[in-house]
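Colleague: Shown below is the structure under consideration.
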Amino acid sequence: MSIQVEDLTYIYLKGTPFQKIALENINIKIENGEFIGIIGHTGSGKSTLVQHFNGLLKPTEGKVIVNGIDTAAKNLKELRKQVGLVFQYPEHQLFEENVYKDIAFGLKNYNTESDVIDKKVNKAIEIVGLDKSILNKSPFELSGGQKKGQR
C-alpha cells in the first residue's frame with residue numbers, strides 16, 4: 001500500500017474564532033511494503049495526519065492519495081476496505097451491546113453473509129487469545145487488557 005501526502009494542511013474549526021492549524025504543508029511518501037513510525041508530542045498532529053489516510057478527515061488544502069485513491073473523494077468505501085484505524089483508547093471505539101456485535105460491525109456494513117461473519121468473529125477472538133465466553137458480554141464489562149485483546 002502506498003500513501004502520498006502532498007502539501008497537506010488541516011485546520012480545525014476553520015473560519016471560526018477557535019480556528020486551529022493542526023497540520024501545515026505536510027509532504028510524505030510511503031512506498032508499498034515500507035514500515036514507518038509517526039512520533040511526536042501530544043498535540044503535534046499525529047492522529048490528525050493518520051485520520052486523513054482513510055478519509056475520516058479531509059484536507060483543508062493539499063491532497064492525500066492512498067493506493068491511488070484520493071481521500072477527498074465522496075465515496076471512500078473501497079479505501080476503507082483497505083485502511084482501518086484503531087484508536088488509542090479502546091473504549092472510544094466500543095459501542096455495540098455485546099462483544100460479538102462489536103467485532104461483527106464492519107463485516108455487517110459490507111453485507112457479509114452471517115455464517116462468514118460468525119467464522120471471522122470466532123477466528124478474531126481466537127487470534128487475540130480471548131475466551132469465547134466474552135462474546136455475549138457488554139464491551140464495557142471487559143477489563144482494560146481484554147479491550148486491547150490481551151488475556
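Colleague: With the requirement that a residue be charged (D, E, K, R) and in contact with a Phe, Trp or Tyr (Cβ under 7 Å, 6 or more places away or on another chain), what does segment 12-49 give you? Outline the logic, then answer.
Modeller: Within segment 12-49, the first condition is being charged (D, E, K, R), and the residues that meet it are 14, 20, 24, 29, 31, 34, 46.
Hit for segment 12-49 is K20, nothing else.
Colleague: Which condition number does Q93 fail, the rest of (1) in contact with a Gly (Cβ under 6 Å, 6 or more places away or on another chain); (2) at pLDDT below 90 being met?
Modeller: (1)
Colleague: Condition first: of a type in the set (G, A, S), in a loop (DSSP other than H, G, I, E, B), surrounded by fewer than 14 Cβ atoms within 10 Å (Cβ to Cβ) and touching a residue at least 24 places away in the same chain (Cβ under 8 Å). Can you find one or more residues in segment 1-12 that meet it? Can you show your working first?
Modeller: If we filter segment 1-12 for residues that are of a type in the set (G, A, S), which is where we start, we get 2.
From what's left, in a loop (DSSP other than H, G, I, E, B): 2.
So of that shortlist, the ones also surrounded by fewer than 14 Cβ atoms within 10 Å (Cβ to Cβ) come out as 2.
Among the residues that remain, those that are also touching a residue at least 24 places away in the same chain (Cβ under 8 Å) are: 2.
The answer is yes; a qualifying residue exists.
Colleague: Within segment 125-145, does at least one residue satisfy the condition of being modelled with pLDDT under 85, of a type outside the set (S, T, N, Q) and within 30 Å of E31 (Cβ to Cβ)?
Modeller: no
Colleague: Under the condition of being surrounded by 14 or more Cβ atoms within 10 Å (Cβ to Cβ) and β-branched (V, I, T), which residue from segment 116-132 is farthest from F105 (Cα to Cα)?
Modeller: I125
Colleague: Still on this structure, I have one more. Give me the pairs: first residue in segment 39-51 and closer than 15 Å to E24 by Cα, second residue of a type in the set (G, A, S) and surrounded by fewer than 13 Cβ atoms within 10 Å (Cβ to Cβ), beta-carbon distance under 7 Å, and six or more apart or on different chains, which are they?
Modeller: Close Cβ pairs (under 7 Å, with a partner that is of a type in the set (G, A, S) and surrounded by fewer than 13 Cβ atoms within 10 Å (Cβ to Cβ)) amount to K46/G40.
Colleague: Let me ask you something else. Are there any pairs with C-beta distances below 6 angstrom linking a residue in segment 81-107 that is closer than 21 Å to F53 by Cβ to a residue that is modelled with pLDDT under 85 and hydrophobic (A, V, I, L, M, F, W, C), with the two at least 6 apart or on different chains, and if so which?
Modeller: Short answer, once both residue conditions are applied: Q93/F87.
Colleague: Can I ask one more? Anything in segment 13-38 that is among the polar types (S, T, N, Q) and touching a residue at least 24 places away in the same chain (Cβ under 8 Å)? List them, or say none. Even if it seems obvious, please write down each step before you answer.
Modeller: Step one: of segment 13-38, the residues among the polar types (S, T, N, Q) are 16, 19, 25, 27, 32.
Scanning segment 13-38 gives N25, N32.
Colleague: Take T60 and decide whether it is modelled with pLDDT of 80 or more and in the same structural domain as D7 (by TED's automatic domain parsing).
Modeller: Numbers: modelled with pLDDT of 80 or more: yes; in the same structural domain as D7 (by TED's automatic domain parsing): yes.
Yes.
Colleague: Condition test on V99, is it in contact with a Phe, Trp or Tyr (Cβ under 7 Å, 6 or more places away or on another chain) and not hydroxyl-bearing (S, T, Y)? It would help to see each step written out before you state the result.
Modeller: Values: in contact with a Phe, Trp or Tyr (Cβ under 7 Å, 6 or more places away or on another chain): no; not hydroxyl-bearing (S, T, Y): yes.
It is false that V99 is in contact with a Phe, Trp or Tyr (Cβ under 7 Å, 6 or more places away or on another chain) and not hydroxyl-bearing (S, T, Y).
Colleague: Go through segment 133-149 and give me each residue that's in contact with a helix residue (DSSP H, G or I) (Cβ under 7 Å, 6 or more places away or on another chain), farther than 16 Å from A104 by Cα and either among the hydrophobic types (A, V, I, L, M, F, W, C) or free of Cβ contacts under 8 Å to residues at least 40 places away in the same chain (or both). Quick ask: steps written out before the conclusion?
Modeller: Let us first name the residues in segment 133-149 that are in contact with a helix residue (DSSP H, G or I) (Cβ under 7 Å, 6 or more places away or on another chain), namely 134-137, 139, 142, 146-149.
The next check asks that each one be farther than 16 Å from A104 by Cα; those that pass are 142, 146, 148.
L142, Q146 - these are the residues of segment 133-149 that are in contact with a helix residue (DSSP H, G or I) (Cβ under 7 Å, 6 or more places away or on another chain), farther than 16 Å from A104 by Cα and either among the hydrophobic types (A, V, I, L, M, F, W, C) or free of Cβ contacts under 8 Å to residues at least 40 places away in the same chain (or both).
The values are calculated or read from the model by the stated rules, or taken from the named source; none is laboratory data. As the structure is a computational prediction, the values presented were derived from the model and not from experiment. So basically every Cβ, Gly included, is an ideal-geometry build from the backbone, and we count neighbours across all protein chains shown.
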